[in-house]
Structures are given as C-alpha cells and as structure tokens.
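A short worksheet on the structure shown next.
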Amino acid sequence: MNRETIIGALFNKLTGPPLVVAFTADTTTGDTVLANVSDPSGLMAGMPVAGDGVPLDATIATITPTVTLSLPAIADRTAAPLIQGFLTAARRMADPNVEQDMPSLYLVEGNEVHAPRPDGAAALVELNCEAWIFTRVGATQNAVPAAMLNVLIDGVECALYSNLPRSFRQNLGVHGVHFCRIEGEVQKDPGHSAQMALAVIPIKIVVGQSAETFTLS
C-alpha cells in the first residue's frame, strides 16, 4: 500500500474542479456581469471568487444565462485571471489568524485502523483524514456566518461524489482503494463573533493492506 499515492489523490480531488477552478473573464467597474468567461462549465453558484477587479467577499451569483457576481466589479479588466473556491490549500495546517488568502483548506491526516482478520481473509485498512475549512464571513451585519461554510461543504461533496454512477464508490482513481467518503460528524463553528468560520469534515479511505496501489490511467 502506497499511502502517499492515496493521500495525494485525495488532495488532488479537493484542489481541483469544482472546488478550485481557474478561469479568465472581463470585468467592468460597477457591473456584476463577467463577460467573455473562458470556461463556465466548472463554476458553481454561491462559491467564492477572487481576482483582479473582483471585490472581497464576492461569490458566483448566477451561471446562466450569464455569469454574474454577488457584488459589482471594482475595476475594468480584460481577461483577468480569476479563481473560484479555495485560495489556499495545503497538507500542512497553518495559523488561520495570520492567513490572508481565504477561504482555505487543509487536508490533515489522522489515525489508521488495522482491523483483526481471520486467517486467509483480505486485510482492510482505514485511513482517516480531516478537511479543515476556514473562511471569513465578513463584517456585513446581515451576513449569515454559516452560509459560506455550507457552500464549501457542498463543494467537497461534489468533488467526491458528483458524476459518479449510483453504484460506484469513489476510489480516487487509485487501484486498491475500496472507497473514499465523508463519514462521521462534520463539526462547524460559524464564527458569529470572530468573523472567521470553521468546518472540519471527516473523510475515511478504506484500502486493501496488501493491494498494489497505483494511479489508474
């Protein structure tokens, strides 16, 4: 079993579409419309978006018939590089109090469970991880602190489960992985007073102990 291959595949799932989508678009000062979007297919309504010409705390408001922001642009830009989703993603936890680029996601590895097995039975190992999500809800009085957490948790679910046949289990594209899924209690701290919200999402991966783990082509 190659643990790094497995955890690396999970990290790639959590740092690609639909959670993190890079695209370009034209912005116009005072206008919420994003024009000439390079590729709107990976965009999700409600997800945060950042980049040159886009105000802080902006989100994707609509995707069709046009891509619009929740807040009007603050500058005219042509083919501005923009990013939807997490601005920071790492496998090493950082101090959220000094992290400026939010929302952020940290994939933290936890304990392993090696269950007893009868002689000759296949051995399965549980690899336990947590996705720690931090986001600033802003100082707007009418903002709902948990709203952005909910959108980002939805995004994690989409990253793991979307576009899969009903009977298919997420195997991260790695031979030997039986399944990878959210399992357990999702902890939330909406950050009503501190204006920083936190969610901890438990993720369990079950893999064959003696399986040869390699990325499937």
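Contact list please: Cβ distance under 8 Å, first residue in segment 92-104 and outside the structural domain of Ile133 (by TED's automatic domain parsing), second residue assigned to a loop (DSSP other than H, G, I, E, B) and among the β-branched types (Val, Ile, Thr), pairs at least six apart or on different chains.
Sorted first by the residue in segment 92-104, then by its partner, the list stays empty.
Out of Pro81, Pro72, which single residue is more than 30 Å from Arg169 (Cα to Cα) and exposed (fewer than 15 other Cβ atoms within 10 Å of the Cβ)?
Pro81
Could you identify the single residue in Leu152, Leu160, Leu172, Leu164 that is modelled with pLDDT of 85 or more, under 26 Å from Met47 (Cβ atoms), assigned to a loop (DSSP other than H, G, I, E, B) and not acidic (Asp, Glu)? Walk me through it before giving the result.
On the way: Leu152 fails: assigned to a loop (DSSP other than H, G, I, E, B); Leu160 fails: assigned to a loop (DSSP other than H, G, I, E, B); Leu164 fails: modelled with pLDDT of 85 or more.
Only one candidate passes the filter, namely Leu172.
Can you tell me which residue is modelled with the lowest pLDDT among those in segment 180-205 that are of a type outside the set (A, V, I, L, M) and out of contact with any Leu (no Cβ under 9 Å at 6 or more places or on another chain)? Working first, answer last.
Kept after step one, since they are of a type outside the set (A, V, I, L, M), are these residues of segment 180-205: 180-181, 183-185, 187-193, 195, 202, 204.
When the remaining residues are screened for being out of contact with any Leu (no Cβ under 9 Å at 6 or more places or on another chain), the result is 183-185, 192-193, 195, 202.
Working: Glu183: 96, Gly184: 95, Glu185: 97, His192: 72, Ser193: 69, Gln195: 74, Pro202: 98.
Looking at the filtered set, the residue picked out is Ser193.
Among the residues of segment 108-124, is there at least one that is within 14 Å of the chain's Cα centre (by Cα) and either assigned to a loop (DSSP other than H, G, I, E, B) or within 23 Å of Pro202 (Cβ to Cβ) (or both)?
Initially, segment 108-124 is screened for residues within 14 Å of the chain's Cα centre (by Cα), giving 108.
Imposing the further condition that a residue be either assigned to a loop (DSSP other than H, G, I, E, B) or within 23 Å of Pro202 (Cβ to Cβ) (or both) reduces the set to 108.
Within segment 108-124, one or more residues are within 14 Å of the chain's Cα centre (by Cα) and either assigned to a loop (DSSP other than H, G, I, E, B) or within 23 Å of Pro202 (Cβ to Cβ) (or both).
Report, by residue number, each residue of segment 201-215 that is surrounded by fewer than 22 Cβ atoms within 10 Å (Cβ to Cβ), more than 21 Å from the chain's Cα centre (by Cα) and either closer than 9 Å to Leu124 by Cα or among the hydrophobic types (A, V, I, L, M, F, W, C) (or both).
Gly208, Gln209, Ser210, Ala211, Phe214, listed by residue number.
The values are calculated or read from the model by the stated rules, or taken from the named source; none is laboratory data. Owing to the predicted nature of the structure, the values given are computational and were not obtained by experimental measurement. Using ideal geometry, Cβ is built from the backbone for each residue, glycine included, and neighbour counts are taken over all protein chains shown.
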